1. Run the quick spin-label model on LEU399 and ARG502: label points 7 Å from Cα toward the beta carbon, then report their separation in nm to one decimal.
2. Quick one: which residues, 5 or more positions from LEU232 or on another chain, have an amide H under 5 Å from its amide H? H modelled 1.01 Å from N in the peptide plane, none for Pro or chain starts.
3. Could you compute the FRET efficiency for SER406 and LYS285, with r as their C-beta to C-beta distance and R0 at 56 Å, rounded to 0.05?
4. For SER205 and PHE65, what is the calculated FRET efficiency with R₀ set at 25 Å and r taken between the beta-carbons, to the nearest 0.05?
5. Highest mean first, what order results for 211-219, 246-254, 229-237 on Cβ atoms within 10 Å?
6. Measuring from label point to label point, each 7 Å out along Cα→Cβ, what is the ASP270 to ARG300 span in nm?
7. Which value, in debye to the nearest 20, describes the size of the charge dipole of region 265-315 about its Cα centre when Lys and Arg Cβ atoms bear +1, Asp and Glu Cβ atoms bear -1, and nothing else is charged?
8. On a C-alpha basis, how far is the centre of region 274-314 from the centre of region 364-406 in Å? Whole number, if you could?
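The numbers here are math on the coordinates, done by the rules we state, and not lab data. Treat the numbers as computed from the prediction; the structure is a model and nothing was measured. As a convention, Cβ positions derive from the backbone with ideal geometry for all residues, glycine included, and neighbour counts pool all protein chains shown.
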Amino acid sequence: MSKPIRTLLTEEQKLSIPALSFTLALCLIIGVESFILPATAEYRLGLLACSAVGIIYAALIFFYFLRFLHKNSAINWLFAILNGVLVSLGMIFAPSFARELSLIFLAVIIITSTLFLGRWPTYAFSTICFISDRLLFSQSTPFEGLNFLIEFLPIPIFAIVAVETICRMLDTAKMQVHRLEVLNMVAKSVTSSLEIKQVIALLNSTIQNALDADTYYVGLMENDGNSLRLELLFDDGEFYPSTYLPLENTLAGWVIHNRKSLFTGNLPEDMPKFGIRRFVVGQPKPSLSWMGTPLQTSERLLGLVAVASYKYYEFGKEDLQLLENVAQQASLAIDNAYHHAEVEEKSQLDSLTGAYNHRAFIQKLDETLADAAVTLIPVSVIMLDVDNFKSYNDNYGHLFGDKVLSRLTEVIRYHIRENDFVGRWGGEEFSITLQGADVSQVFEIARRIQQSMKQIEFTARDGSMIPAPTISQGISTYPSDAAGTYTLIDVADQRLYIAKNRGRNQIEPHQEGCD
């Protein structure tokens, strides 16, 4: 079964059907008039030729020329001038009976030309037609008073109103299409984004493509609830490193505390109304237009995205609506990323102590050594084991043994820095990674862990005191002892067993002058 003819037409052809239909009807009327008008044979032949040329030209435009429009501006101009010449010739050839009809036809052509050729080629076409009309009209009508105005103004006024109205409508339509494309792109992209950095990068490209902003930033809530960490900050053509933005009496704080968008086109005038103070980030100059919207889901508040301009009233309500829609999509993606990170982190932790499990510790140590190869900072590993741990389980039960391991993990975390980490190697054996510390500093940390364990008091179920367990530790350092992950661990493990064989509650390598 063959497809309907309309499905075979291009979008340009479909759009030109009303103008084509009117043109063909006008040409047919002129052709019919050539047979019924009381005129000379030459005049009748001229009308018939005009009708035939119009039909052929309209067919050529519809089936052939439309495919070249919008591809080359020179063709658009040539096409507009050619149309103007042909329409003018028609007006000159048949001015006596078809002036009103030709003016209607001229209006149709102006509208169609604006759609296909654009603003200035259409003005060129209108100018040619206006000049032709004036040459014809000046021969039969005097340029006097109101009659002059009525006859003189219609073509230029209609051309300006029609062209500018259609161009504005086209610009608005293009903007709406662009916004829908942006939202569609965001919706497709965020569904596959499981990392916050990817979502932030997506917000960056979206704001740059969709909004004319001098400044924009994306902030995520800090745990204290009193500040935002700006993961993205762009101002006046320059990206800035991550920084913190206070919430107290600031624009961002208003949005966060009220959990709704804020929009202002005159920031200096509106700031007192909202009871906020100016807080400048990026370039040391104030913004004049500002809008921000929260990043939030139904369950939690995540942060904020804001854009600003150094011009007054730079953004419209439709810009805020776009920002809100983008923020809504981004919020879902950020929330998913948080959940994914939480699940991923839990999969890396030992369920009892919260330390990294064996696999995660190896992965973290691999990454640390890779960085150390570039930065040339030392990295040390401590392998730590609870002495005679089995006896604790046998004498006091496994729950007490679990308590010992949990307290030991707390002690280790207390004595290491934020960029160091601890893992449960297996059973009662733990591994610690220390960055940027020399051998003596690592030994001191190991000794403090040892001393802190001695001071812990454990009680049995009956309230009696239980002696704190001792620990043995072995230390190895990159790059002096080993260059690879497993060899570094292996050296520390061997030294751990040397410490145990030396009588337990020892640190190996032993430093002179230390107990």
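1. Going from the LEU399 label point to the ARG502 one covers 3.9 nm.
2. It is VAL218, by chain and number.
3. 0.55
4. On the way: r = 38 Å, r/R0 = 1.51.
Using R0 = 25 Å, I get an efficiency of 0.10.
5. Working: 211-219: 22.1, 246-254: 18.8, 229-237: 16.9.
Ranking, from highest mean packing down: 211-219, 246-254, 229-237.
6. 3.0 nm
7. Using Cβ point charges on Lys, Arg, Asp and Glu, region 265-315 gives about 180 debye.
8. 46 Å
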